[in-house]
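Trainee: My questions will all concern the structure given below.
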Amino acid sequence: MDNVIPLSEDEVAALRAWFTTYVHSFPQDDAEMAQAFSLKEAHSLRVRDEALAIGRSLNLRPDQMRLVEAMSLLHDVGRFAQFARYRTLSDRKSEDHALLGVRVLEEEGPLDALAPQVRHLILCAITYHNRPALPADESEPCLFYAKLLRDADKLDIWRVVIAYYRQMHEQRSTVIEMGLADTPGISPAVYEDLMSGQIVQMTHINNLNDFRLLQAGWVYDLNFPWTRKLVQERGYLDELRTFLPDLPQVEEIFSTLRARLAADHHVS
Ligand SMILES: [Fe+2]
């Protein structure tokens with residue numbers, strides 16, 4: 001972690017330019033496609049900002065901050081090919097968008113001129129950004145940047161989905177809802193996951209309420225004090241709660257999640 005990362009400001013500027021060109025190279029055939037692409041482009045830019053803020057909270061050096069910018073800006077690059085090919089942002093209905101992103105970066109070559117170590121760290125963070133859990137057998141720098149990216153990504157996904165849930169009675173989007181049914185109630189397996197202190201398994205998700213609970217359960221998977229502080233300040237948990245039914249199980253889940261967030265927040 002102490003070695004200076006050989007990534008220059010010019011190289012980061014080249015990656016920014018590549019990203020913009022790549023994203024705009026996709027034909028926007030219809031409104032749904034245009035919506036998916038602009039959603040993911042804006043998300044990428046905001047995740048970059050969230051990641052840089054986490055980096056600042058950790059007093060990262062300028063070279064580390066450049067790496068943070070590069071990996072966060074590119075983390076969802078697979079989303080564009082995913083939507084263009086499969087017309088969905090659901091990995092379950094298509095393929096893993098992180099691995100697809102790594103393939104895009106290898107095929108399109110924007111990382112080719114970078115130092116191998118830098119390329120490795122960028123690809124590593126991207127590869128693991130959407131996994132249910134991080135692997136144990138990766139290098140410490142790889143895991144550090146993956147953790148930072150995962151926190152930044154969650155901060156912005158909370159923002160996007162909450163803004164969506166607020167207005168979904170006016171305008172629905174299958175892109176964001178991933179085709180899940182807006183049926184009443186929650187799945188017992190989702191309740192069990194969360195009450196046992198675990199994040200929700202994708203295979204347990206049966207409706208939109210389950211999906212909202214999966215998002216609430218991300219408080220179990222935060223890595224940095226800065227992120228927990230922002231989740232509390234922005235009131236993400238309380239707001240997600242308002243989009244779920246008034247059931248005793250939902251109340252139990254949220255008191256467990258709130259207690260966990262507060263506890264983690266105070267020790268840090
Ligand atoms: Fe992603």
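Trainee: One residue is enough: does the range 215-228 have a residue meeting the conditions open to solvent by 10 Å² or more (accessible area, probe 1.4 Å) and free of Cβ contacts under 8 Å to residues at least 40 places away in the same chain?
Mentor: No, there is no match, as no residue in the range 215-228 is open to solvent by 10 Å² or more (accessible area, probe 1.4 Å) and free of Cβ contacts under 8 Å to residues at least 40 places away in the same chain.
Trainee: While we're here: How many residues are assigned to a helix (DSSP H, G or I) and crowded, with 19+ Cβ neighbours inside 10 Å if we restrict to the range 74-123? I'd like the intermediate steps shown before the answer.
Mentor: Applying the first criterion (assigned to a helix (DSSP H, G or I)) to the range 74-123 yields 74, 78-86, 97-108, 116-123.
Okay, now just the ones that are also crowded, with 19+ Cβ neighbours inside 10 Å, so 74, 78-83, 97-98, 100-102, 104-105, 118, 121-123.
Number satisfying all stated conditions: 18.
Trainee: Looking only at the range 17-35, which residues are of a type in the set (Val, Ile, Thr) and either open to solvent by 80 Å² or more (accessible area, probe 1.4 Å) or farther than 13 Å from Phe80 by Cα (or both)? Reasoning before the result, please.
Mentor: Here is the first cut: in the range 17-35, the ones of a type in the set (Val, Ile, Thr) are 20-21, 23.
Matches in the range 17-35: Thr21 only.
Trainee: Tell me the residue from Phe37, Phe26 that is assigned to a loop (DSSP other than H, G, I, E, B), out of contact with any Leu (no Cβ under 8 Å at 6 or more places or on another chain) and of a type in the set (Phe, Trp, Tyr), please.
Mentor: Phe26
Trainee: Related question: In this structure, does Ala13 turn out to be of a type in the set (A, V, I, L, M), open to solvent by less than 50 Å² (accessible area, probe 1.4 Å) and part of a helix (DSSP H, G or I)?
Mentor: Spelling it out, Ala13 is indeed of a type in the set (A, V, I, L, M), open to solvent by less than 50 Å² (accessible area, probe 1.4 Å) and part of a helix (DSSP H, G or I).
Trainee: Within the set of pairs 6+ apart or on separate chains, which have a first residue in the range 119-145 that is in contact (Cβ under 8 Å) with a residue 12 or more places away in the chain, a second that is assigned to a loop (DSSP other than H, G, I, E, B) and small (Gly, Ala, Ser), and C-beta atoms under 8 Å apart?
Mentor: Matching pairs, first to second residue: Cys124/Ser139.
Trainee: Just a yes or no: is a residue in the range 172-192 in contact with a Gly (Cβ under 6 Å, 6 or more places away or on another chain) and either within 18 Å of Asn130 (Cα to Cα) or open to solvent by less than 40 Å² (accessible area, probe 1.4 Å) (or both)?
Mentor: Within the range 172-192, none of the residues are in contact with a Gly (Cβ under 6 Å, 6 or more places away or on another chain) and either within 18 Å of Asn130 (Cα to Cα) or open to solvent by less than 40 Å² (accessible area, probe 1.4 Å) (or both).
Trainee: Please find, within the range 127-164, the residue that is farthest from His43 (Cα to Cα) out of those that are open to solvent by less than 10 Å² (accessible area, probe 1.4 Å) and away from the ligand (no atom under 16 Å from the Cβ).
Mentor: Top of the filtered list is Cys142.
Trainee: Let me ask something additional. Considering only residues that are within 18 Å of Val175 (Cα to Cα) and more than 12 Å from the ligand (Cβ to nearest atom), which ones fall in the range 91-109?
Mentor: Arg92, Lys93, Ser94, Glu95, listed by residue number.
Trainee: Specify the residue that is nearest to the ligand (Cβ to nearest atom); the eligible residues are those in the range 36-51 that are open to solvent by 30 Å² or more (accessible area, probe 1.4 Å) and among the hydrophobic types (A, V, I, L, M, F, W, C).
Mentor: So, considering only residues that are open to solvent by 30 Å² or more (accessible area, probe 1.4 Å) and among the hydrophobic types (A, V, I, L, M, F, W, C), the one nearest to the ligand (Cβ to nearest atom) is Leu39.
The values are calculated or read from the model by the stated rules, or taken from the named source; none is laboratory data. Keep in mind that what you see is a predicted model, and the values were worked out from it rather than measured. All Cβ positions, even for glycine, are placed from backbone atoms using ideal geometry, and neighbour counts span all protein chains on display. Quick note on the areas: whole protein, heavy atoms, side chains included, nothing else; ligands and nucleic acids left out. Shrake-Rupley method; radii C 1.70, N 1.55, O 1.52, S 1.80 Å.
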